[in-house]
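K.L.:
Submitted below is the structure of interest, expressed as structure tokens.
The values are calculated or read from the model by the stated rules, or taken from the named source; none is laboratory data. What you see is a predicted model; the values in this text were computed from it and never measured. Cβ coordinates were reconstructed from backbone atoms using ideal geometry, including for glycine residues, and neighbour counts include every protein chain displayed. Only protein heavy atoms, including side chains, enter the accessible area calculation; ligands, DNA and RNA are left aside. Shrake-Rupley method; radii C 1.70, N 1.55, O 1.52, S 1.80 Å.
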Amino acid sequence: MKIVIQRVKEASVKIEGEIKNQIKQGLLLLVAVEDADTEFDLDYAVRKISKMRIFSDEAGKMNLSVQDIHGEVLSISQFTLYADIRKGTRPSFSQAGHPAYAETMYLKFNKMLNSIVPTKSGEFGADMDIALVNDGPVTILVDTKNARR
């Protein structure tokens, strides 16, 4: 899995001009799945994201997790994180997971994360408009295959 984590003051997702979901302070996640991902990747990603200390404490140090601040998560499926741009000028997405598998894993990821932190989502495969107010900015990349080594 590849996940872009953005610390936000607020974020929302619109589909066909209508707000599907929105959050206040918390994390906006852009989530991509590959066919090699397993339960290990789900567990690793959920554990890291829910416990990652990237929110400021009273001393201004990044020392608090999304759980600690009682924040929320907005999770957006984003297969384009697997873009391969090595050849030509048109990206290849052949490394992205097969849509049926990727959707199953994405939904499972959201369910697991929601059991720890209130998690809302977009719609898998939909054309979505994402709005956010980045906090910091703080943006972190997670690639679970690095944990499989």
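K.L.:
For segment 25-66, give me each residue that is farther than 15 Å from GLN6 by Cα, in contact with a helix residue (DSSP H, G or I) (Cβ under 8 Å, 6 or more places away or on another chain) and not β-branched (Val, Ile, Thr).
P.N.:
Within segment 25-66, GLU34, ASP35, ALA36, ASP37, PHE40, ASP41, LEU42, ASP43, TYR44 qualify.
K.L.:
So, in segment 68-83, exactly how many residues are open to solvent by less than 80 Å² (accessible area, probe 1.4 Å), of a type outside the set (S, T, N, Q), modelled with pLDDT of 95 or more and part of a loop (DSSP other than H, G, I, E, B)?
P.N.:
Adding up the residues that qualify gives 2.
K.L.:
Which ones in segment 98-149 are open to solvent by 80 Å² or more (accessible area, probe 1.4 Å), farther than 15 Å from ASP43 by Cβ and outside any helix (DSSP H, G or I)?
P.N.:
Once the filter is applied, which keeps residues that are open to solvent by 80 Å² or more (accessible area, probe 1.4 Å), farther than 15 Å from ASP43 by Cβ and outside any helix (DSSP H, G or I), segment 98-149 yields HIS98, GLU123, ASP127, ASP129, PRO137, LEU141, ARG149.
K.L.:
Here's a follow-up. Could you please let me know if ARG86 is open to solvent by 80 Å² or more (accessible area, probe 1.4 Å), in a helix (DSSP H, G or I) and either in contact with a helix residue (DSSP H, G or I) (Cβ under 8 Å, 6 or more places away or on another chain) or not hydroxyl-bearing (Ser, Thr, Tyr) (or both)?
P.N.:
When the stated conditions are applied, ARG86 does not pass them.
K.L.:
Here is a further query. Does at least one position in segment 54-66 carry a residue that is touching a residue at least 60 places away in the same chain (Cβ under 8 Å) and open to solvent by less than 80 Å² (accessible area, probe 1.4 Å)?
P.N.:
yes
K.L.:
Continuing with this model, one more query. Just one of (1) over 15 Å from the mean Cα position of the chain (by Cα); (2) buried (at least 17 other Cβ atoms within 10 Å of the Cβ) trips up ILE15, so point out which.
P.N.:
Failed condition: (2).
K.L.:
State all residues of segment 38-56 that are in a loop (DSSP other than H, G, I, E, B) and closer than 15 Å to LYS9 by Cα; if no residue qualifies, say none.
P.N.:
ILE54
K.L.:
Condition first: more than 17 Å from GLU72 (Cα to Cα), touching a helix residue (DSSP H, G or I) at 6+ places or on another chain (Cβ under 9 Å) and at pLDDT 95 or above. Can you find one or more residues in segment 109-123 that meet it?
P.N.:
No, because not a single residue in segment 109-123 is more than 17 Å from GLU72 (Cα to Cα), touching a helix residue (DSSP H, G or I) at 6+ places or on another chain (Cβ under 9 Å) and at pLDDT 95 or above.
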